[in-house]
Amino acid sequence: MTEFQAVVFAAGRGTRLPEVLGDAPKCLLPVGPYPLIWYPLNLLQQHNFSEVIVVVLEQEKLEIQSALENTPLKLRLDYATIPSDGDFGTADSLRYIYDKIKSDFLVVSCDLVSNVSLYPLINKFREHDAALAMLLFPSGFESDVVMPGPKSKHKPERDLIGIHSATQRLAFVSAASDCEETLNIQRHLLKNRGRLDVYSRLVDAHVYVLKKWVIDYLRRKENISTFKGEFLPHLIKKQHSKRPPKTVQDTTSEVGVVTKNEDHVLHYVGHTILDQKITQTSLFNQSLSQAPYHGDVVRCYGIQAPKDAIGVRVNNTLSFLAINRKLASIWNNLCGEKHPLISPGAVVKSTQTKEIIAADNAKLSEKTSLNFSVFGPNCIISPKNIVANSLIMSNAIVEEGCNIDNCIIGHRAQVKSGSVLKNCIIGPNYVVEEGTHSQAVHLSNADQFMEIDIQ
(Lines give C-alpha, C1' and ligand atoms only; values in the text may rest on other atoms or scores of the structure.)
Protein backbone atom coordinates (compact mmCIF):
# COMPACT_ATOMS: atom_id res chain seq x y z
CA MET A 1 0.00 0.00 0.00
CA THR A 2 1.86 3.04 -1.30
CA GLU A 3 -0.82 5.61 -0.44
CA PHE A 4 -0.01 5.50 3.29
CA GLN A 5 3.06 5.14 5.44
CA ALA A 6 2.84 2.98 8.56
CA VAL A 7 4.38 3.71 11.96
CA VAL A 8 4.53 1.20 14.82
CA PHE A 9 5.30 2.56 18.29
CA ALA A 10 7.55 0.13 20.17
CA ALA A 11 9.36 2.43 22.58
CA GLY A 12 7.00 1.96 25.53
CA ARG A 13 8.56 1.01 28.85
CA GLY A 14 5.76 -1.31 29.97
CA THR A 15 5.11 0.37 33.31
CA ARG A 16 1.82 -1.52 33.67
CA LEU A 17 3.50 -4.91 33.33
CA PRO A 18 5.87 -4.89 36.33
CA GLU A 19 5.03 -8.45 37.38
CA VAL A 20 6.44 -9.99 34.21
CA LEU A 21 8.55 -7.53 32.24
CA GLY A 22 11.82 -6.98 34.06
CA ASP A 23 14.50 -5.43 31.86
CA ALA A 24 13.15 -6.86 28.58
CA PRO A 25 11.56 -4.57 25.97
CA LYS A 26 7.78 -4.56 26.26
CA CYS A 27 7.39 -5.23 22.54
CA LEU A 28 9.28 -8.53 22.89
CA LEU A 29 6.92 -10.03 25.47
CA PRO A 30 6.14 -13.58 24.31
CA VAL A 31 2.64 -13.97 22.93
CA GLY A 32 2.45 -17.58 21.80
CA PRO A 33 5.25 -18.42 19.37
CA TYR A 34 6.11 -14.81 18.48
CA PRO A 35 7.07 -11.57 20.24
CA LEU A 36 4.23 -9.12 20.83
CA ILE A 37 5.35 -6.67 18.13
CA TRP A 38 5.07 -9.37 15.45
CA TYR A 39 1.27 -9.23 15.57
CA PRO A 40 0.72 -5.59 14.48
CA LEU A 41 3.50 -5.95 11.92
CA ASN A 42 1.89 -9.10 10.53
CA LEU A 43 -1.47 -7.27 10.40
CA LEU A 44 0.10 -4.48 8.33
CA GLN A 45 1.74 -7.04 6.05
CA GLN A 46 -1.67 -8.64 5.46
CA HIS A 47 -2.92 -5.22 4.35
CA ASN A 48 -0.20 -5.01 1.67
CA PHE A 49 2.18 -2.68 3.45
CA SER A 50 5.73 -3.42 2.37
CA GLU A 51 7.60 -0.98 4.63
CA VAL A 52 7.00 0.08 8.24
CA ILE A 53 8.71 2.67 10.44
CA VAL A 54 9.32 1.09 13.86
CA VAL A 55 9.95 3.56 16.69
CA VAL A 56 12.19 2.00 19.37
CA LEU A 57 14.41 3.08 22.23
CA GLU A 58 18.00 3.45 21.10
CA GLN A 59 19.39 0.90 23.56
CA GLU A 60 16.77 -1.72 22.58
CA LYS A 61 17.10 -1.50 18.81
CA LEU A 62 19.57 -4.39 18.32
CA GLU A 63 17.62 -6.75 20.58
CA ILE A 64 14.33 -5.99 18.82
CA GLN A 65 15.94 -6.21 15.37
CA SER A 66 17.48 -9.58 16.20
CA ALA A 67 14.19 -10.97 17.53
CA LEU A 68 12.23 -9.93 14.44
CA GLU A 69 14.80 -11.37 12.05
CA ASN A 70 13.81 -14.80 13.37
CA THR A 71 10.13 -14.34 12.47
CA PRO A 72 8.39 -14.97 9.11
CA LEU A 73 7.98 -11.28 8.21
CA LYS A 74 8.68 -9.96 4.71
CA LEU A 75 8.33 -6.29 5.60
CA ARG A 76 11.15 -3.82 5.25
CA LEU A 77 11.57 -2.32 8.71
CA ASP A 78 12.97 1.17 9.11
CA TYR A 79 14.03 1.54 12.75
CA ALA A 80 13.68 5.07 14.10
CA THR A 81 15.45 5.35 17.46
CA ILE A 82 14.65 7.79 20.21
CA PRO A 83 17.02 8.50 23.13
CA SER A 84 16.74 5.94 25.92
CA ASP A 85 17.41 8.53 28.61
CA GLY A 86 14.64 10.87 27.47
CA ASP A 87 11.07 11.02 28.73
CA PHE A 88 9.30 10.77 25.38
CA GLY A 89 5.53 10.51 25.09
CA THR A 90 3.93 9.22 21.90
CA ALA A 91 3.35 12.75 20.59
CA ASP A 92 6.99 13.58 21.35
CA SER A 93 8.06 10.49 19.40
CA LEU A 94 6.01 11.52 16.38
CA ARG A 95 7.64 14.95 16.40
CA TYR A 96 11.05 13.28 16.70
CA ILE A 97 10.49 11.25 13.50
CA TYR A 98 8.82 14.13 11.66
CA ASP A 99 11.31 14.07 8.77
CA LYS A 100 10.38 10.46 7.94
CA ILE A 101 6.67 11.21 7.40
CA LYS A 102 6.06 12.23 3.78
CA SER A 103 2.39 11.31 3.27
CA ASP A 104 -0.81 10.39 5.10
CA PHE A 105 0.00 7.63 7.57
CA LEU A 106 -1.18 4.95 9.98
CA VAL A 107 -0.02 4.81 13.58
CA VAL A 108 -0.26 1.43 15.34
CA SER A 109 0.79 0.44 18.85
CA CYS A 110 3.14 -2.53 19.29
CA ASP A 111 0.74 -4.08 21.83
CA LEU A 112 -2.15 -4.68 19.41
CA VAL A 113 -3.23 -8.26 18.75
CA SER A 114 -6.07 -8.35 16.23
CA ASN A 115 -7.44 -9.89 13.06
CA VAL A 116 -9.67 -6.92 12.20
CA SER A 117 -9.72 -5.63 8.64
CA LEU A 118 -8.30 -2.11 8.46
CA TYR A 119 -9.96 -1.38 5.13
CA PRO A 120 -13.26 0.01 6.56
CA LEU A 121 -11.19 2.38 8.70
CA ILE A 122 -9.04 3.47 5.76
CA ASN A 123 -12.05 3.82 3.46
CA LYS A 124 -13.90 6.03 5.95
CA PHE A 125 -10.79 8.23 6.11
CA ARG A 126 -10.66 8.45 2.32
CA GLU A 127 -14.38 9.04 1.75
CA HIS A 128 -14.57 12.05 4.03
CA ASP A 129 -11.07 13.46 3.58
CA ALA A 130 -10.74 13.07 7.33
CA ALA A 131 -8.05 14.45 9.59
CA LEU A 132 -8.21 11.30 11.70
CA ALA A 133 -9.96 7.95 11.80
CA MET A 134 -9.50 5.73 14.86
CA LEU A 135 -10.34 2.07 15.47
CA LEU A 136 -12.42 0.98 18.47
CA PHE A 137 -12.91 -2.49 19.98
CA PRO A 138 -15.50 -3.82 22.42
CA SER A 139 -13.93 -4.19 25.87
CA GLY A 140 -13.94 -7.34 27.96
CA PHE A 141 -11.50 -9.68 26.22
CA GLU A 142 -9.84 -10.49 29.54
CA SER A 143 -12.97 -10.33 31.74
CA ASP A 144 -13.20 -14.12 32.25
CA VAL A 145 -9.51 -14.60 33.15
CA VAL A 146 -8.37 -14.72 36.78
CA MET A 147 -4.86 -13.61 37.63
CA PRO A 148 -2.68 -15.97 39.64
CA GLY A 149 -0.97 -14.62 42.72
CA PRO A 150 -2.59 -12.91 45.72
CA LYS A 151 -6.25 -12.01 45.28
CA SER A 152 -6.68 -8.55 43.85
CA LYS A 153 -9.33 -6.61 42.00
CA HIS A 154 -8.49 -5.52 38.49
CA LYS A 155 -9.98 -2.14 37.75
CA PRO A 156 -9.88 -1.56 33.99
CA GLU A 157 -9.25 1.90 32.64
CA ARG A 158 -12.27 3.17 30.75
CA ASP A 159 -12.78 5.89 28.18
CA LEU A 160 -15.94 7.84 27.48
CA ILE A 161 -16.32 8.13 23.72
CA GLY A 162 -19.01 10.21 22.06
CA ILE A 163 -19.92 9.28 18.46
CA HIS A 164 -22.64 10.73 16.23
CA SER A 165 -24.33 7.50 15.16
CA ALA A 166 -25.50 8.70 11.73
CA THR A 167 -22.07 9.84 10.55
CA GLN A 168 -19.57 8.09 12.88
CA ARG A 169 -18.06 11.49 13.62
CA LEU A 170 -16.23 11.66 16.95
CA ALA A 171 -17.64 14.21 19.37
CA PHE A 172 -15.21 13.64 22.24
CA VAL A 173 -12.84 11.13 23.83
CA SER A 174 -11.99 11.42 27.51
CA ALA A 175 -10.87 9.19 30.35
CA ALA A 176 -13.76 8.09 32.58
CA SER A 177 -11.59 8.90 35.59
CA ASP A 178 -11.69 12.57 34.56
CA CYS A 179 -15.46 12.65 35.09
CA GLU A 180 -16.56 12.57 38.72
CA GLU A 181 -20.30 11.86 38.79
CA THR A 182 -21.70 13.60 35.73
CA LEU A 183 -20.67 14.04 32.11
CA ASN A 184 -21.27 17.51 30.78
CA ILE A 185 -21.83 17.67 27.02
CA GLN A 186 -21.55 21.02 25.29
CA ARG A 187 -24.65 22.15 23.42
CA HIS A 188 -22.94 22.63 20.08
CA LEU A 189 -22.15 18.90 19.96
CA LEU A 190 -25.88 18.16 19.75
CA LYS A 191 -27.12 21.03 17.58
CA ASN A 192 -28.09 19.89 14.06
CA ARG A 193 -25.83 16.84 14.28
CA GLY A 194 -28.26 14.05 15.06
CA ARG A 195 -28.11 11.50 17.84
CA LEU A 196 -25.00 11.32 19.98
CA ASP A 197 -24.13 7.93 21.49
CA VAL A 198 -21.80 7.85 24.49
CA TYR A 199 -19.85 4.62 25.02
CA SER A 200 -18.03 3.55 28.17
CA ARG A 201 -17.10 0.03 27.10
CA LEU A 202 -15.18 0.65 23.91
CA VAL A 203 -11.41 0.30 23.81
CA ASP A 204 -9.20 2.62 21.79
CA ALA A 205 -7.23 0.14 19.70
CA HIS A 206 -4.45 2.71 19.20
CA VAL A 207 -4.80 2.40 15.44
CA TYR A 208 -5.06 5.83 13.83
CA VAL A 209 -5.14 6.97 10.21
CA LEU A 210 -3.87 10.54 9.99
CA LYS A 211 -3.43 13.28 7.45
CA LYS A 212 0.10 14.46 6.79
CA TRP A 213 -0.87 17.97 7.90
CA VAL A 214 -1.72 16.61 11.36
CA ILE A 215 1.94 15.92 12.13
CA ASP A 216 2.82 19.36 10.73
CA TYR A 217 0.41 20.85 13.26
CA LEU A 218 1.60 18.57 16.07
CA ARG A 219 5.17 19.65 15.44
CA ARG A 220 4.09 23.17 16.32
CA LYS A 221 2.44 22.06 19.59
CA GLU A 222 5.55 21.29 21.60
CA ASN A 223 3.68 21.48 24.91
CA ILE A 224 1.72 18.30 24.00
CA SER A 225 3.57 15.14 25.03
CA THR A 226 1.13 12.24 24.64
CA PHE A 227 -1.01 11.37 21.65
CA LYS A 228 -3.93 9.55 23.28
CA GLY A 229 -4.22 11.60 26.46
CA GLU A 230 -3.52 15.08 25.11
CA PHE A 231 -3.38 15.43 21.33
CA LEU A 232 -6.35 13.23 20.40
CA PRO A 233 -8.89 15.19 22.54
CA HIS A 234 -7.27 18.43 21.35
CA LEU A 235 -7.67 17.53 17.67
CA ILE A 236 -11.26 16.33 18.11
CA LYS A 237 -12.20 19.65 19.74
CA LYS A 238 -10.63 21.50 16.81
CA GLN A 239 -13.29 20.05 14.45
CA HIS A 240 -15.46 23.09 15.16
CA SER A 241 -12.74 25.67 14.57
CA LYS A 242 -13.51 28.53 12.22
CA ARG A 243 -10.97 29.86 9.77
CA PRO A 244 -9.57 33.28 10.83
CA PRO A 245 -10.04 36.17 8.41
CA LYS A 246 -7.45 36.21 5.64
CA THR A 247 -6.63 39.84 6.36
CA VAL A 248 -5.36 39.07 9.85
CA GLN A 249 -1.60 39.39 10.05
CA ASP A 250 0.78 38.30 12.81
CA THR A 251 -0.29 40.28 15.85
CA THR A 252 0.73 40.88 19.43
CA SER A 253 -1.64 39.68 22.15
CA GLU A 254 -2.63 41.67 25.22
CA VAL A 255 0.15 40.05 27.22
CA GLY A 256 2.76 40.98 24.65
CA VAL A 257 3.15 37.51 23.08
CA VAL A 258 3.42 37.37 19.32
CA THR A 259 0.65 35.19 17.87
CA LYS A 260 0.84 33.74 14.38
CA ASN A 261 -1.67 32.16 12.07
CA GLU A 262 0.61 29.09 12.13
CA ASP A 263 -0.71 28.40 15.64
CA HIS A 264 -4.22 27.90 14.25
CA VAL A 265 -5.10 24.36 13.17
CA LEU A 266 -6.83 25.51 10.00
CA HIS A 267 -3.59 27.05 8.78
CA TYR A 268 -2.49 23.48 8.03
CA VAL A 269 -5.65 22.18 6.33
CA GLY A 270 -5.84 22.37 2.56
CA HIS A 271 -8.96 24.40 1.72
CA THR A 272 -8.54 25.79 -1.76
CA ILE A 273 -11.49 26.55 -4.05
CA LEU A 274 -10.86 23.19 -5.72
CA ASP A 275 -10.90 21.42 -2.33
CA GLN A 276 -14.25 23.05 -1.53
CA LYS A 277 -15.78 22.04 -4.87
CA ILE A 278 -14.63 18.44 -4.43
CA THR A 279 -16.20 18.34 -0.95
CA GLN A 280 -19.47 19.86 -2.20
CA THR A 281 -19.84 17.37 -5.05
CA SER A 282 -18.69 14.30 -3.10
CA LEU A 283 -21.21 11.48 -2.72
CA PHE A 284 -20.01 11.03 0.85
CA ASN A 285 -20.39 14.52 2.32
CA GLN A 286 -23.67 13.58 4.12
CA SER A 287 -24.95 17.15 3.85
CA LEU A 288 -26.51 17.53 0.40
CA SER A 289 -29.10 20.09 1.56
CA GLN A 290 -26.75 22.33 3.54
CA ALA A 291 -23.10 23.27 3.91
CA PRO A 292 -21.06 20.05 3.71
CA TYR A 293 -20.14 18.75 7.18
CA HIS A 294 -21.74 21.90 8.68
CA GLY A 295 -18.69 23.79 7.46
CA ASP A 296 -16.25 21.66 9.50
CA VAL A 297 -12.90 21.41 7.74
CA VAL A 298 -11.29 19.19 10.39
CA ARG A 299 -13.15 15.86 10.61
CA CYS A 300 -12.47 12.94 12.98
CA TYR A 301 -14.14 9.53 12.87
CA GLY A 302 -14.45 6.56 15.20
CA ILE A 303 -14.93 3.16 13.54
CA GLN A 304 -16.06 0.20 15.62
CA ALA A 305 -14.62 -3.21 14.79
CA PRO A 306 -17.15 -6.01 14.11
CA LYS A 307 -18.28 -7.77 17.28
CA ASP A 308 -16.86 -11.10 16.10
CA ALA A 309 -13.40 -9.62 15.42
CA ILE A 310 -10.49 -10.44 17.71
CA GLY A 311 -9.04 -7.34 19.31
CA VAL A 312 -7.00 -6.81 22.46
CA ARG A 313 -4.33 -4.40 23.61
CA VAL A 314 -1.70 -6.22 25.63
CA ASN A 315 -0.90 -3.28 27.88
CA ASN A 316 -1.18 -4.85 31.34
CA THR A 317 -0.41 -8.17 32.98
CA LEU A 318 -4.02 -9.41 32.89
CA SER A 319 -4.43 -8.84 29.15
CA PHE A 320 -0.99 -10.41 28.59
CA LEU A 321 -2.11 -13.53 30.45
CA ALA A 322 -5.51 -13.54 28.73
CA ILE A 323 -4.15 -13.49 25.17
CA ASN A 324 -1.71 -16.28 25.92
CA ARG A 325 -4.42 -18.37 27.61
CA LYS A 326 -6.83 -17.99 24.69
CA LEU A 327 -4.36 -18.00 21.83
CA ALA A 328 -4.58 -21.69 20.90
CA SER A 329 -8.38 -21.49 20.53
CA ILE A 330 -8.34 -18.36 18.33
CA TRP A 331 -5.10 -18.99 16.43
CA ASN A 332 -6.53 -19.95 13.04
CA ASN A 333 -8.87 -16.96 13.05
CA LEU A 334 -6.05 -14.68 14.13
CA CYS A 335 -3.13 -15.84 11.98
CA GLY A 336 -4.28 -18.69 9.75
CA GLU A 337 -2.85 -22.17 9.39
CA LYS A 338 0.41 -21.14 7.72
CA HIS A 339 1.87 -20.01 11.06
CA PRO A 340 2.40 -23.02 13.39
CA LEU A 341 1.80 -22.78 17.13
CA ILE A 342 5.00 -24.70 17.75
CA SER A 343 7.91 -22.81 16.23
CA PRO A 344 10.15 -24.78 13.83
CA GLY A 345 13.05 -23.71 16.04
CA ALA A 346 11.54 -25.20 19.22
CA VAL A 347 12.89 -28.50 20.55
CA VAL A 348 9.95 -30.54 21.87
CA LYS A 349 10.96 -33.99 23.15
CA SER A 350 7.99 -34.46 25.46
CA THR A 351 5.43 -37.03 24.31
CA GLN A 352 2.76 -35.98 26.81
CA THR A 353 1.51 -32.63 25.55
CA LYS A 354 -1.91 -31.11 25.01
CA GLU A 355 -2.60 -27.68 23.48
CA ILE A 356 0.83 -26.22 24.06
CA ILE A 357 2.54 -23.33 22.28
CA ALA A 358 6.33 -23.17 21.99
CA ALA A 359 8.40 -20.24 20.72
CA ASP A 360 11.74 -20.32 18.94
CA ASN A 361 14.49 -22.27 20.72
CA ALA A 362 12.24 -23.38 23.61
CA LYS A 363 13.62 -26.66 24.94
CA LEU A 364 10.98 -29.02 26.33
CA SER A 365 12.58 -32.20 27.62
CA GLU A 366 11.37 -35.79 27.58
CA LYS A 367 9.57 -37.32 30.59
CA THR A 368 7.45 -34.20 31.06
CA SER A 369 3.71 -33.62 31.12
CA LEU A 370 2.88 -30.29 29.47
CA ASN A 371 -0.73 -29.16 29.09
CA PHE A 372 -2.50 -25.93 28.06
CA SER A 373 0.66 -23.87 28.48
CA VAL A 374 2.80 -21.38 26.56
CA PHE A 375 6.59 -21.65 26.49
CA GLY A 376 8.55 -18.53 25.52
CA PRO A 377 11.76 -18.31 23.49
CA ASN A 378 14.91 -19.89 24.94
CA CYS A 379 13.11 -21.30 28.00
CA ILE A 380 14.22 -24.69 29.33
CA ILE A 381 11.92 -27.30 30.85
CA SER A 382 13.97 -30.13 32.35
CA PRO A 383 12.77 -33.78 32.63
CA LYS A 384 10.28 -35.06 35.22
CA ASN A 385 8.22 -31.87 35.28
CA ILE A 386 4.48 -31.26 35.21
CA VAL A 387 3.40 -27.91 33.77
CA ALA A 388 -0.30 -27.07 33.32
CA ASN A 389 -2.24 -23.89 32.49
CA SER A 390 0.91 -21.80 32.81
CA LEU A 391 3.00 -19.24 30.98
CA ILE A 392 6.76 -19.82 30.99
CA MET A 393 8.43 -16.68 29.70
CA SER A 394 11.60 -16.15 27.70
CA ASN A 395 14.88 -17.54 29.09
CA ALA A 396 13.14 -19.02 32.15
CA ILE A 397 14.47 -22.33 33.51
CA VAL A 398 12.48 -25.03 35.28
CA GLU A 399 14.71 -27.70 36.83
CA GLU A 400 13.79 -31.37 37.38
CA GLY A 401 10.91 -32.66 39.45
CA CYS A 402 8.70 -29.54 39.61
CA ASN A 403 4.93 -29.25 39.50
CA ILE A 404 3.70 -25.93 38.13
CA ASP A 405 -0.02 -25.21 37.84
CA ASN A 406 -1.69 -21.94 36.77
CA CYS A 407 1.46 -19.85 37.12
CA ILE A 408 3.39 -17.14 35.30
CA ILE A 409 7.14 -17.78 35.40
CA GLY A 410 8.83 -14.49 34.52
CA HIS A 411 11.61 -13.55 32.12
CA ARG A 412 14.93 -15.19 33.15
CA ALA A 413 13.36 -16.62 36.32
CA GLN A 414 14.63 -19.96 37.62
CA VAL A 415 12.58 -22.63 39.41
CA LYS A 416 14.89 -25.05 41.17
CA SER A 417 14.24 -28.77 41.46
CA GLY A 418 11.43 -30.24 43.53
CA SER A 419 9.38 -27.04 43.68
CA VAL A 420 5.58 -27.11 43.71
CA LEU A 421 3.90 -23.87 42.60
CA LYS A 422 0.18 -23.26 42.21
CA ASN A 423 -1.52 -19.98 41.24
CA CYS A 424 1.77 -18.09 41.59
CA ILE A 425 3.48 -15.24 39.77
CA ILE A 426 7.27 -15.57 39.72
CA GLY A 427 8.84 -12.23 38.84
CA PRO A 428 11.60 -11.66 36.29
CA ASN A 429 15.09 -12.87 37.30
CA TYR A 430 13.72 -14.41 40.50
CA VAL A 431 15.17 -17.72 41.77
CA VAL A 432 12.72 -20.11 43.43
CA GLU A 433 14.80 -22.15 45.85
CA GLU A 434 14.90 -25.93 45.76
CA GLY A 435 11.88 -27.71 47.25
CA THR A 436 9.74 -24.56 47.55
CA HIS A 437 6.01 -25.18 48.05
CA SER A 438 3.99 -22.01 47.37
CA GLN A 439 0.41 -21.17 46.48
CA ALA A 440 -1.23 -17.89 45.41
CA VAL A 441 1.85 -15.72 45.98
CA HIS A 442 3.83 -13.20 43.97
CA LEU A 443 7.55 -13.80 44.37
CA SER A 444 9.71 -10.95 43.15
CA ASN A 445 13.17 -9.52 43.63
CA ALA A 446 11.52 -6.20 44.39
CA ASP A 447 10.64 -7.64 47.81
CA GLN A 448 14.33 -7.89 48.65
CA PHE A 449 15.12 -4.20 48.32
CA MET A 450 15.78 -2.28 51.52
CA GLU A 451 15.04 1.42 51.83
CA ILE A 452 17.95 3.31 53.41
CA ASP A 453 17.40 6.80 54.76
CA ILE A 454 20.64 8.79 54.39
CA GLN A 455 20.70 11.82 56.67
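Counting Lys and Arg as +1 and Asp and Glu as -1 over every other residue whose Cβ lies under 15 Å from the Cβ of residue 28, the net charge comes to -2. Of all DSSP bridge pairs formed entirely within the range 1-150, close to 10 percent run antiparallel.
Within the range 361-430, the GluC sites (Glu not before Pro) that combine a DSSP coil assignment with at most 12 other C-beta atoms in a 10 angstrom radius are 366. Using a simple spin-label model with pseudo-atoms 7 Å out from Cα toward Cβ, residue 74 and residue 308 lie 2.8 nm apart.
Beta-bridge orientation, the chain: approximately 35 percent antiparallel, per DSSP, counting only bridges with both partners inside.
The range 386-436 and the range 2-52 have Cα centres spaced 26 Å apart.
The charge dipole of the range 93-137, taken about the Cα centre with unit charges on the Cβ atoms of Lys, Arg (+1) and Asp, Glu (-1), comes to about 80 debye, rounded to the nearest 20. Protein heavy-atom accessible surface, 1.4 Å probe, per residue over the range 1-158: 43 Å².
Computed from point charges on the beta carbon alone (+1 for Lys and Arg, -1 for Asp and Glu), the dipole magnitude for the chain about its Cα centre is near 1540 Debye. The trypsin sites (Lys or Arg not before Pro) of the range 28-78 meeting both criteria, a DSSP state outside H, G, I, E and B (loop) and at most 12 other C-beta atoms within 10 angstrom of the site's C-beta, are 74.
Here is the P(r) of the chain: all C-alpha pair distances, binned every 10 Å from 0, give 4, 19, 27, 23, 15, 8, 4, 1, 0 in whole percents. Per residue, the range 341-448 exposes an accessible area of 42 Å² to a 1.4 Å probe, with every protein chain left in place. Since only 369, 440, 418 are under comparison, the one whose Cα sits farthest along the positive direction of the charge dipole of the range 341-448, derived from C-beta charges on Lys, Arg, Asp and Glu, is 369. Taking each of 326/354; 155/354; 124/211; 26/228; 26/61; 153/422 in turn, the alpha-carbon distance tops 21 angstrom for 155/354. Based on Cα contacts under 8 Å between residues 6+ apart, the range 341-448 shows a relative contact order of 15 percent. With the simple model of a label 7 Å out from the Cα in the direction of the Cβ, residue 51 to residue 386 spans 5.6 nm. Just add up the charged neighbours of residue 230: K/R +1, D/E -1, any other residue whose Cβ is under 11 Å from the Cβ of residue 230. It works out to a net charge of +1.
I want to make sure I understand the PRE zone here: with the label point 7 angstrom from the Cα of residue 82 toward its beta carbon, which residues in the range 102-119 have backbone N atoms less than 20 Å away? Under 20 Å, as judged by backbone N against the label point of residue 82, lie 102-113 of the range 102-119.
Other residues lying with their Cβ under 15 Å from the Cβ of residue 84 contribute a combined charge of -4, Lys and Arg counting +1, Asp and Glu -1. Spin-label model, residue 198 to residue 216: label points 7 Å out along the Cα-to-beta-carbon direction sit 3.6 nm apart.
Out of the range 1-52, which GluC sites (Glu not before Pro) are coil in DSSP terms and have no more than 10 other C-beta atoms within 10 Å? For GluC sites (Glu not before Pro) across the range 1-52 that sit outside H, G, I, E and B with at most 10 neighbouring Cβ atoms in 10 Å, the list reads 3.
Across the options 38, 407, 22, the greatest Cα extent toward the positive end of the charge dipole of the chain (unit charges at beta carbon of Lys, Arg, Asp, Glu) belongs to 38. Computed per residue of the chain from DSSP H runs no shorter than four, each worth -39500 (n - 2.57), the mean residue ellipticity at 222 nm is -5000 deg cm²/dmol. Ligands, DNA and RNA left out, the accessible area of the range 341-448 computed with a 1.4 Å probe is 46% carbon and sulfur.
The values are calculated or read from the model by the stated rules, or taken from the named source; none is laboratory data. On a predicted model such as this, the values are computed, not experimentally measured, just so you know. Glycine gets a Cβ as well: all are built from the backbone with ideal geometry, and neighbour counts include every protein chain shown. Note: areas computed on protein heavy atoms with side chains; ligands, DNA, RNA excluded. Shrake-Rupley method; radii C 1.70, N 1.55, O 1.52, S 1.80 Å.
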